[in-house]
1. Taking the conditions exactly as written (open to solvent by 10 Å² or more (accessible area, probe 1.4 Å), more than 14 Å from chain A (Cβ to nearest Cβ) and not aromatic (F, W, Y)), does C:L191 satisfy them or not?
2. Could you go through the stretch C:304-322 and let me know if any residue there is over 25 Å from C:D15 (Cα atoms), touching a residue at least 12 places away in the same chain (Cβ under 8 Å) and touching a His at 6+ places or on another chain (Cβ under 7 Å).
3. Restricting attention to the stretch A:34-56, and to residues there that are of a type outside the set (G, A, S) and within 12 Å of ligand 1 (Cβ to nearest atom), which single residue is nearest to the other protein chains (Cβ to nearest Cβ)?
4. What is the residue count in the stretch C:280-330 for residues that are of a type in the set (A, V, I, L, M, F, W, C), in a loop (DSSP other than H, G, I, E, B) and more than 11 Å from ligand 4 (Cβ to nearest atom)?
5. List the pairs whose first member sits in the stretch C:103-120 and is over 15 Å from C:L144 (Cα atoms) and open to solvent by 70 Å² or more (accessible area, probe 1.4 Å), whose second member is away from ligand 3 (no atom under 16 Å from the Cβ) and of a type in the set (S, T, Y), and whose Cβ atoms are under 8 Å apart, counting only residues at least 6 apart or on separate chains?
6. Please go through the stretch C:291-309 and pick out each residue that is open to solvent by less than 50 Å² (accessible area, probe 1.4 Å) and within 23 Å of A:I196 (Cβ to Cβ).
7. Of everything in the stretch A:10-21 that's in contact (Cβ under 8 Å) with a residue 40 or more places away in the chain and open to solvent by 30 Å² or more (accessible area, probe 1.4 Å), which residue is farthest from ligand 1 (Cβ to nearest atom)?
8. Looking only at the stretch B:51-92, count every residue that is in contact (Cβ under 8 Å) with a residue 12 or more places away in the chain, within 20 Å of B:L286 (Cβ to Cβ) and open to solvent by 60 Å² or more (accessible area, probe 1.4 Å) and tell me the total.
Amino acid sequence: MSVNAPLLVVEGLTVSFRSDAGLVRAVAGVSFAVEQREIVGVVGESGSGKSQTLLAIMGLIDSPNAVVSGSIRFMGQELVGLNRRALDAIRGRQIAMIFQDPMSALTPVHTIGNQIGEQVRAHEKVSARAARARAVQLLDAVGIANPDRVVDGYPHQLSGGMRQRAVIAMALSCNPALLVADEPTTALDVTVQAQILELIGRLRDQFGSAVILVTHDLGVVAQVTDRVMVMYGGRFVEEGRKGSVFRTPLHPYTWGLFGSIPPMDGERPARLAAIPGAPPSLSNLPKGCAFGPRCAFRHDACIVQPPLVGGNGHRAACALPETSRKFHIREVASIETPV
Amino acid sequence: MLAAMSFRLGQMVLVMFGISVVAFLIFFATPGADPSARIAGRNASQETLVQVRHDFGLDRPLPVQYGLMMNRLFVSRDLTSFVNRGQRVIPAVTGAIPVTLSLVGGAAVLWVLGGLIVGVIAGATRGTFIDRALMILSLIGVSVPVFWLGEVANLLTQSRWHDTWLFSWVPPLGYIPLTQDPWGWFKALVIPWFTLATLYVGLYGRVLRASLIEMMQEDFIRTARAKGIGERRVLLHHGLRTSLVAFVTMFGLDFGALVGGGALLTEVVFGLQGVGKLTYEALQTLDLPMILATVIYASFFVVMANFVVDVVFVFIDPRARDVR
Amino acid sequence: MSGVLRERPLLRTSDLSKHYHVGRSILPAQRRTVQAVDTVSLDIWPGETLGIVGESGCGKSTLGRCLVRLTDITSGSLEFEGRDITDASQRQLRPLRRQMQMVFQDPSASLNPRRRVGDLLADPFRIHERLSASEMTDRVAELLRRVELSPEHASRYPHEFSGGQRQRIGIARALALRPRLIVADEPVSALDVSIQAQIVNLLADLREEFNLTYVFIAHDLSVVRQISTRVAVMYLGSVVESGPTDLVFAAPRHHYTAALRSAVPIPSIDRARRERLVLKGDLPSPMNPPSGCRFHTRCPAATSTCRNERPLLQSTGDGRLVACHHPGGG
Ligand SMILES: Nc1ncnc2c1ncn2[C@@H]1O[C@H](COP(=O)(O)OP(=O)(O)OP(=O)(O)O)[C@@H](O)[C@H]1O
Ligand SMILES: Nc1ncnc2c1ncn2[C@@H]1O[C@H](COP(=O)(O)OP(=O)(O)OP(=O)(O)O)[C@@H](O)[C@H]1O
Ligand code: SF4
Ligand code: SF4
Ligand SMILES: [Mg+2]
Ligand SMILES: [Mg+2]
């Protein structure tokens, strides 16, 4: 593998669930790549398939009704269909995950130190004592005030923010090349969220990890990521470098997303540019563009699913002609993004 | 921690006091019936009645009666059965305790092991043929009446196949003290152990399977899998370990109830002179002193078991440690 | 009374406190007290929207429930239009209930799943007004239209609606009796951003249309900023700063407000790089709050005065109140 090859290449990943209402396609054939040391933000509507994408990468989709297909290549190795033993050699070691709810992510009956040590010892031949020392070090690195004490504490004795830090410490324990984080701050207060985001931002510098950060908060994306992927109805509808997406968003859903967030500075708009309607039901997706029923720019061409295209590494899946889109961007930008 | 424990101990004493009062009131102060007549048994002579009345202070106020009774139970320990004249109640109960403890203790080892094995295997192979087969077997175990199972076991081991190589080692019904002949003790109890444990293996296996399956859906299991530890470790170290909370609670309560006399059917079938059998006989003859003694004894074990469960709980579930 | 009468607040609290006792011990010494709301004094004026912000557990919901007397008040007083209702009985409160309504965070938890939406919405009319069946249907249809649902939705059950639609139903129910005050406790926190914006717009429209007064509780500062005319910032049970929205958010004076304000991630790349004020540590336990200024354990400007003396809410002359010994910028 060459030094500059992408760390992770996902192609045509599909996750579907058999259900009473028919086949639910939670992730409908997504393709993307993550470079080494890159922080990628994934934003999107609730239920758009963000978590399922991450879980598929981790091989953690274990519902008997789930079908995962497509290809996920990590450092050249195919992960889809990999056996448990080979998978266990990679996850926790090369790819680690942080979950949304720190309150339930740790086993209540084991100490923090044990749980971190368990991961270390699963991948490296070290003594229990060395694993514990490593746990103390890691807790210190993620900014826990008195790691010697916390290492012997149980999860319920820690606050939400400290637990999330403990989970992050665990994820970092084997210096993973890729860290996937599923809404790591959604359950936390803003002041604690700021601490955790700062920590994630520091990770790349200290540990050299690439990060996939799922959130539905564009503010979080603006703060820590390099690149953004916008998900809607199981697909990526827009993807590009952060600057490019924030300055010239190309997809009407992204426009709506920006418009929905009340600004923190400047003039307060009388009304927010909310997206009308409700998110689509995955078991009954509209024909063609999934955003169609809520889109103010829908036209005849939207009957067929538009491909994700564009230049300069900034792509969008929308049938609007480039010229008219440029026009709308200006319109949207003038209301929303204070320049 | 220590404060919490002594607090619990105090609570225990209080509860037992309450139970003794209630038991006493039910047996000795039920309005409309002359307790002395009941203590003295049926067809007792006039002198006996007077004697009893005096002995128990039944002509004095209730609190004094209660005090006298407790004194005779615990301090002078000379309370005698009125059915089986001259038989002292306390030695009868203390003599029965080792029998019951041997029976229940051995069976408990069996059912805990059996329950763990059945529960874990069924939980781990959920939805497969193995799981279904185990669940059907345990359902049968739960529904077979102990009495019937014991009788069948007796029939086979004591008469039908007793002379074959298979069961010729089985000694005649009854208890052999451990101190006297350990091997004989073991041989005499093996069949009763299995008989008593059958129901509980089924019960515990099913409960453990259910709680294991529930635990395996929890978020922390996903975290554990994400660490890259093997599935066996995920199952045992994270799933089973957290499921044990329900298991231990149930075990403590069942064990307490059985030692307290709940194993009576097994004791009767196998001719073991345990506490259950003692209670059973006392009830049949309305032997009030004996009933009172066994009830208080039973309550002691139930309360004790509760206490032990609480303490063990603190060890297996750290969340229980800082309740206060 | 004089001409001031017209200018009186709709709702006024003076030193309002609400304490909870926790712990199951029968020994009083082992009981702990949570000062969920601690000496809060607020005036809520007709037509305004008072936003209440603060981190989880700081007492926002408890204060909201005290304001509409859904819970007893431990000490202090509460007045509605000059009438003391601190200790009013439920029966005395009944006529006031029409005027004060509450909207909750999780709409599904407050809607009975086994009843049709039409029946749920008709309940307030049944309790408070005598209406014929057809009048009732009309009123329900009217309500549904008001919250941008259609009258046909009346025959459906709550679970047949999306989260955003269920919140609309919750709002419709609160509106049924034409209240003057609505206390909304995290009404959009459970919703996706795009749906959240719809509900915020709806609430703003209804405020114009019915001349409503809102108390809007949320932990999302940007949403509170969007809808409120005035905000109160809470920390561990007390209000630490209050004043006109733009003033408080643009130039916070209490150090906690400043930290809270700066912790909000801004969805704009041009501003993302600004200097951030990241607080150390977590929120202290409300069972054992720090001495003096309760924020001193995390405050970058704390001095020994702060550790010993509790700062009082004081006017800073620009229409706001701040409880800090060493207020910042402004
Ligand atoms: N076991 C399952 N069976 C059927 N459908 C499922 C299952 N698990 C997830 N889904 C569906 O898959 C879709 C995508 O879910 P996912 O959790 O990835 O969404 P998300 O983008 O992470 O949303 P959120 O922001 O709410 O976390 C959802 O619509 C969900 O209903
Ligand atoms: N019924 C209760 N009994 C005991 N303590 C309570 C009770 N209700 C609330 N509390 C405590 O009072 C404090 C304030 O709670 P409250 O629900 O008002 O906070 P909040 O600001 O609304 O938080 P959130 O943002 O999490 O909703 C918390 O510490 C909480 O634990
Ligand atoms: S493809 Fe059509 S419906 Fe979809 S976002 Fe573009 S314009 Fe709207
Ligand atoms: S009073 Fe002191 S500790 Fe409290 S906010 Fe002001 S400066 Fe900080
Ligand atoms: Mg998710
Ligand atoms: Mg609340």
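1. On the way: open to solvent by 10 Å² or more (accessible area, probe 1.4 Å): yes; more than 14 Å from chain A (Cβ to nearest Cβ): no; not aromatic (F, W, Y): yes.
No, not satisfied.
2. no
3. Restricting to residues being of a type outside the set (G, A, S) and within 12 Å of ligand 1 (Cβ to nearest atom), the top hit is A:E45.
4. Residues of the stretch C:280-330 of a type in the set (A, V, I, L, M, F, W, C): C:283, C:287, C:293, C:295, C:299, C:301-302, C:306, C:312-313, C:321-324.
Checking which are in a loop (DSSP other than H, G, I, E, B) leaves us with C:283, C:287, C:293, C:295, C:299, C:301-302, C:312-313, C:323-324.
Remaining after also requiring more than 11 Å from ligand 4 (Cβ to nearest atom): C:283, C:287, C:313.
Within the stretch C:280-330, residues that are of a type in the set (A, V, I, L, M, F, W, C), in a loop (DSSP other than H, G, I, E, B) and more than 11 Å from ligand 4 (Cβ to nearest atom) number 3.
5. C:F104/C:S110; C:Q105/C:S189; C:P113/C:Y157; C:R114/C:Y157; C:R115/C:Y157
6. Within the stretch C:291-309, C:F295, C:R298, C:C299 qualify.
7. Just the residues of the stretch A:10-21 that are in contact (Cβ under 8 Å) with a residue 40 or more places away in the chain, to begin with: A:10-19, A:21.
Among the residues that remain, those that are also open to solvent by 30 Å² or more (accessible area, probe 1.4 Å) are: A:11-12, A:17-19, A:21.
Details: A:E11: 19, A:G12: 17, A:F17: 3, A:R18: 8, A:S19: 5, A:A21: 9 Å.
Result: A:E11.
8. 3
The values are calculated or read from the model by the stated rules, or taken from the named source; none is laboratory data. Keep in mind it's a predicted model, so treat the numbers as computed, not measured. We place every Cβ from the backbone using ideal geometry, glycine too, and count neighbours over all the protein chains shown. Note: areas computed on protein heavy atoms with side chains; ligands, DNA, RNA excluded. Shrake-Rupley method; radii C 1.70, N 1.55, O 1.52, S 1.80 Å.
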